[in-house]
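The values are calculated or read from the model by the stated rules, or taken from the named source; none is laboratory data. This is a predicted model, so every value here is computed, not measured. Note: ideal-geometry Cβ built from the backbone for every residue, glycine included; neighbour counts use all protein chains shown. With ligands, DNA and RNA removed, areas are computed over all heavy atoms of the protein, side chains included. Shrake-Rupley method; radii C 1.70, N 1.55, O 1.52, S 1.80 Å.
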Amino acid sequence: MGRWRYAVWTVVVAYMVVGPIPALSTSLELHGWSGPVVDCLLYVAATAFCYFAYRDREHAIWWLAAAALLGVFLSYHTAYFGTSLMFLVVWLAPFCVRLWQALVLTASTAVAFIVTSVAISLDPAAIFGISFALGWAGFIAAVLNQLGVTRRQTRAIAEAEARTAVLGERQRLAREIHDILAHSLSAQVVHLEGARLLLEQGGDRDVILDRVIRSGDLARSGLEESKQAVAALRGDHTPLVDQLEELAKQFRSTTGRSCEVSISGDAGQLAPEAWLAVVRTAQEALTNAHKHAPEAQVVMALRCAEDWCELEVRDTGGKPVESTGNGYGLVGMRERAELIGGTLDAGPVADGFRVRLRVPA
């Protein structure tokens, strides 16, 4: 009930205190001074049972049933004295017990009230009105309880979706960081390590300078890739054909090996997520060819149809090294493809290594 908790409880307490007062005079006339005393004691006991039901959900049905019996008995003993109790029972039932139990309890209470009211010759209009009101009270309480349950479930679903979205965003950022760093920093390490070895061995100054210059170029390229990644995440990116041509140019400049690019179909129809998947896959495939297939020649082919777009990166004629890294790059590429409904195949072929990505257009 939130901030309305105290207001609701104030109304309930006031109703339970004021409700039986008009019937006290009737009890006094019918039973003398002992009548109101007994009625009040039973009334307090039944009210306590309702409170126990509210606090002890495991045995709530039994507490409510006992309170309902006392309410019916009080109505039989003194007309209208137990009416407040019966209303409290049918109102609490949907919040404390299962729905079918609440329905059975409400119906049983209403029927018992009708039977006892007929037995004491209560006014038929009063019998109908109170019975009808008991049913409506139970119905409204059940509706309010269901609204509360729905609200809690909706909140739980929203929280779960938010956690999933945060996790997905973290995974996407992790892939972006890996792809950018793997493409630029790994090549920088190769050049800087080569420069260090040349310095230790007293190598040629021009060769060492060339290594350092290439490392600087790679650092600037990595910075540019970071900017492009941010732009892609915002939905603002360069044409895919130009991006692939730029990657091929960087590969040729870094390795001195050939890298041909062929394009067929309309590559401008891809969504930002698919565009990013193609670019990152091309980057990772070129990085792997650089690290794991020295002297290999690379061919990139992009084929686009109406419903799909396929990128194939193949290296041929190289000399594979024994170490192929930890495999995180291929895992990241495959995860990226699957997240947008695509597929990725990567593995050795007869004359080299092939990476093939297919994404929906």
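Of the residues making up region 286-303, those that are at pLDDT 85 or above and farther than 19 Å from VAL189 by Cβ are GLN297, VAL298, VAL299, MET300, ALA301, LEU302, ARG303.
Scanning region 251-287 for residues that are buried (at least 18 other Cβ atoms within 10 Å of the Cβ), out of contact with any helix residue (DSSP H, G or I) (no Cβ under 6 Å at 6 or more places or on another chain) and more than 21 Å from VAL359 (Cα to Cα) yields one hit, ARG257. Of all residues in region 89-104, those that are closer than 17 Å to SER75 by Cβ and open to solvent by less than 20 Å² (accessible area, probe 1.4 Å) total 2.
Residues of region 247-306 being assigned to a helix (DSSP H, G or I), over 38 Å from the mean Cα position of the chain (by Cα) and small (Gly, Ala, Ser), which ones? The answer is ALA248, SER253, ALA289.
Looking across region 65-107, just one residue is over 17 Å from PHE49 (Cα atoms), of a type in the set (Val, Ile, Thr) and outside any helix (DSSP H, G or I), and that is THR78.
Of all residue pairs spaced 6 or more apart or on separate chains, those with beta-carbon atoms under 7 Å, a first member in region 291-302 that is more than 13 Å from ARG354 (Cα to Cα) and among the hydrophobic types (A, V, I, L, M, F, W, C) and a second member that is modelled with pLDDT under 85 and buried (at least 21 other Cβ atoms within 10 Å of the Cβ) are LEU302/ALA267. Got a sec? Which of ALA60, ALA68, ALA102 is at pLDDT below 90 and within 22 Å of LEU144 (Cα to Cα)? Unique residue meeting the criteria: ALA102. Please verify whether region 319-333 includes one or more residues that are open to solvent by less than 70 Å² (accessible area, probe 1.4 Å), closer than 12 Å to ALA277 by Cβ and at pLDDT below 85. Yes: region 319-333 contains one or more residues that are open to solvent by less than 70 Å² (accessible area, probe 1.4 Å), closer than 12 Å to ALA277 by Cβ and at pLDDT below 85. Do we find a residue being over 23 Å from PHE49 (Cβ atoms), touching an Asp or Glu at 6+ places or on another chain (Cβ under 9 Å) and either assigned to a helix (DSSP H, G or I) or at pLDDT below 85 (or both) anywhere in region 151-171? Scanning region 151-171, I find at least one residue that is over 23 Å from PHE49 (Cβ atoms), touching an Asp or Glu at 6+ places or on another chain (Cβ under 9 Å) and either assigned to a helix (DSSP H, G or I) or at pLDDT below 85 (or both), so the answer is yes. Quick one: is SER34 open to solvent by less than 10 Å² (accessible area, probe 1.4 Å) and polar (S, T, N, Q)? Here the answer is no, as SER34 does not meet what is asked. Of all residues in region 43-79, those satisfying the criterion of being over 47 Å from the mean Cα position of the chain (by Cα) and of a type in the set (Gly, Ala, Ser) are SER75, ALA79. Scanning region 197-228 for residues that are farther than 21 Å from HIS290 by Cβ and open to solvent by less than 40 Å² (accessible area, probe 1.4 Å) gives a single hit, GLY203. Exactly one of (1) assigned to a helix (DSSP H, G or I); (2) aliphatic (A, V, I, L, M); (3) open to solvent by less than 50 Å² (accessible area, probe 1.4 Å) is unmet by LEU122. Its number? It fails just one condition, (1). Please tell me if ALA110 is assigned to a helix (DSSP H, G or I), touching a helix residue (DSSP H, G or I) at 6+ places or on another chain (Cβ under 6 Å) and among the small types (Gly, Ala, Ser). Yes, satisfied. Would you say VAL166 is free of Cβ contacts under 8 Å to residues at least 40 places away in the same chain, surrounded by 10 or more Cβ atoms within 10 Å (Cβ to Cβ) and closer than 30 Å to TYR80 by Cβ? In short, no. Among the residues making up region 46-64, those that are assigned to a helix (DSSP H, G or I) and open to solvent by less than 70 Å² (accessible area, probe 1.4 Å) are ALA46, THR47, ALA48, PHE49, CYS50, ALA53, TYR54, ALA60, ILE61, LEU64. Collect the residues in region 65-82 that are of a type in the set (Ser, Thr, Tyr) and surrounded by 22 or more Cβ atoms within 10 Å (Cβ to Cβ), keeping them in residue-number order. Once the filter is applied, which keeps residues that are of a type in the set (Ser, Thr, Tyr) and surrounded by 22 or more Cβ atoms within 10 Å (Cβ to Cβ), region 65-82 yields SER75, THR78.
Residue count for region 125-154 under the criterion of being closer than 26 Å to THR26 by Cα and open to solvent by 90 Å² or more (accessible area, probe 1.4 Å): the result is 2.
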